[in-house]
1. If a/c stays under 1.5 just call it rounded; otherwise compare a/b with b/c (prolate if a/b is bigger, oblate if not). Do that for segment B:1-142, with a ≥ b ≥ c from the square roots of the Cα gyration tensor eigenvalues.
2. Any chance you could run the full-extension gain for B:ASP27 through B:VAL180? It's 0.36 nm times the residue separation minus the Cα-Cα distance, nm to one decimal.
3. Identify the GluC sites (Glu not before Pro) of segment B:107-158 meeting these criteria: DSSP loop state and at most 13 other C-beta atoms within 10 Å of the C-beta.
4. Sticking with the crude label model, points 7 Å out along Cα→Cβ, report the distance from A:ARG19 to B:GLU139 in nm, one decimal please.
5. Just grab the label-to-label distance for B:ALA131 and A:GLU47, each label 7 Å out from Cα along the Cβ direction, in nm (one decimal).
6. B:TYR83: accessible area at probe 1.4 Å, nearest 10 Å²?
7. With every protein chain left in place and a probe of 1.4 Å, what is the accessible surface of A:LEU18, to the nearest 10 Å²?
8. Mind checking segment A:16-58 for trypsin sites (Lys or Arg not before Pro) that DSSP puts in a loop (not H, G, I, E or B) and that have at most 10 other Cβ atoms within 10 Å?
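The values are calculated or read from the model by the stated rules, or taken from the named source; none is laboratory data. The structure displayed is predicted, hence computed values, not measured ones. Using ideal geometry, Cβ is built from the backbone for each residue, glycine included, and neighbour counts are taken over all protein chains shown. Each accessible area value is taken on the protein alone, full model and side chains, heavy atoms only, with ligands, DNA and RNA left out. Shrake-Rupley method; radii C 1.70, N 1.55, O 1.52, S 1.80 Å.
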Number of protein chains: 2
Amino acid sequence: MDIDPPSVTAGPPPARPLRRDAQRNRDTLLAAARRAFAEEGLGASLEQVAKQAGLAIGTLYRHFPTRLDLVQAVFADKLGVWYEAAERAVVMDDTWEGFCFFLETMCELQSGDRGFSGLAGTRLPEVACLAGTQTRIHELGIRIVERAQEQGTLRPDVTPEDVAFVIWSVGRVSEATQDVAPEVWRRHLYLLLEGFRAGRVHPLPVPSLTPEQLYEAMARPGDLMGRTP
Amino acid sequence: MDIDPPSVTAGPPPARPLRRDAQRNRDTLLAAARRAFAEEGLGASLEQVAKQAGLAIGTLYRHFPTRLDLVQAVFADKLGVWYEAAERAVVMDDTWEGFCFFLETMCELQSGDRGFSGLAGTRLPEVACLAGTQTRIHELGIRIVERAQEQGTLRPDVTPEDVAFVIWSVGRVSEATQDVAPEVWRRHLYLLLEGFRAGRVHPLPVPSLTPEQLYEAMARPGDLMGRTP
DNA sequence: GAAAAAGGGGAGGGGCCCCTCATGTTTCCG
DNA sequence: CGGAAACATGAGGGGCCCCTCCCCTTTTTC
């Protein structure tokens, strides 16, 4: 039987399992944080998160000493989904389809989740345990772009860096429209991929915003400015 | 000589000219606010604005009782420029050029100015004196789109509401990149107009971000999350 | 140049939030 | 079952910000 050697240079210590109540509270906190980040972005109030979870603020800090710890715990799975999509995309026969699949999956993850949009547009600090995943996704993204260009399905003069435009812009459009037309970001993505130009018309995937929807989607002034009595 | 009639139902009261010191302070405050809004968006701290202007917070509130008052005073001119661009665009012979001119001017106004980006994506309350200008710009935008579609230079299946995508997305891209490559938003705008698709290649207007620039442009984690000691 | 009017100052109340820590409670394990 | 270890609690110090209000200073006006 293997004698557990007095951890010479082990990485994470054995990590004894959590107490039952602690595990339950941790899950509750994660659920509350997921909601809060989705609705308000990565800057959501941690005191509100704790309150929504029905727990004290000190409990939150015991489980997640820094905001980054909480962010990583909340988004580890979504980042994993994105990574798997990149792995699938990079081996697709149709490289254009792979390119679109990579981007569309990412945007689906972003849609309705300001937190993930923020994370996707945020360079994680090297110390973050999720930084590795982010880096690998980035590398796969480069390959996806290169393959599509080698096969001539993607403009030769775009670069992998241009992909960031998609992250930023769809994140913003989705943020603005999610409450009023949660799928309309696809229209934006499609326009970004196909272009506004007349001719060669592939029909757009979802209907446009109606004027009323647009009105609702524009940032409510009260959110940004003091009321005007 | 015209007898000033005891203002029967006049609109704004005669509005006596400001005292000299008051006018000077007002200008100083506007300059400080312009900087603060440009750098931090419409949510910039008013206490900081006053401090930057070297004036007391009470003075700021005397001149601009609400944040909206200050916002309108700061951005009235930019909104005017946008409006004039729309007027020019709507009568251009080449309707596609008009469409592009309208959007590009707007994006130039947005670039490097988070405040104006926010304002462009914000529905002003009816009471705001700038709301009329915003509405007229919106109407001109509709005409610009319709003309381009009648002339067959713009996809028939886009709507005036889709123009909001440009406002939101260029605003976000510009915000992310302004410190590192302040012109690269043009590349995004161009891609949005022309499309990522291979073939029919019009060269892109400015170079892509380098990987290093991209790294710098991604939101600094410290801005969003607590430090990780 | 003195009174009236306009403007400027800034302390302070209230709110929200971050994060810590001393104290009290639950779980686990022998 | 009993005690040690793990965990939960929430008041409280510190920070930033919004906005008000009363009193003092400057400008204008006659």
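1. oblate
2. Gain in length upon complete extension: 52.1 nm.
3. When the GluC sites (Glu not before Pro) of segment B:107-158 are filtered for loop state and at most 13 Cβ neighbours within 10 Å, B:GLU126 remain.
4. 6.8 nm
5. Simple spin-label model gives 3.4 nm for this pair.
6. Using a 1.4 Å probe on the heavy atoms, I get roughly 50 Å².
7. Surface accessible to solvent at A:LEU18 totals approximately 80 Å².
8. In loop regions of segment A:16-58 (DSSP not H, G, I, E or B), the sparsely surrounded trypsin sites (Lys or Arg not before Pro) are A:ARG19.
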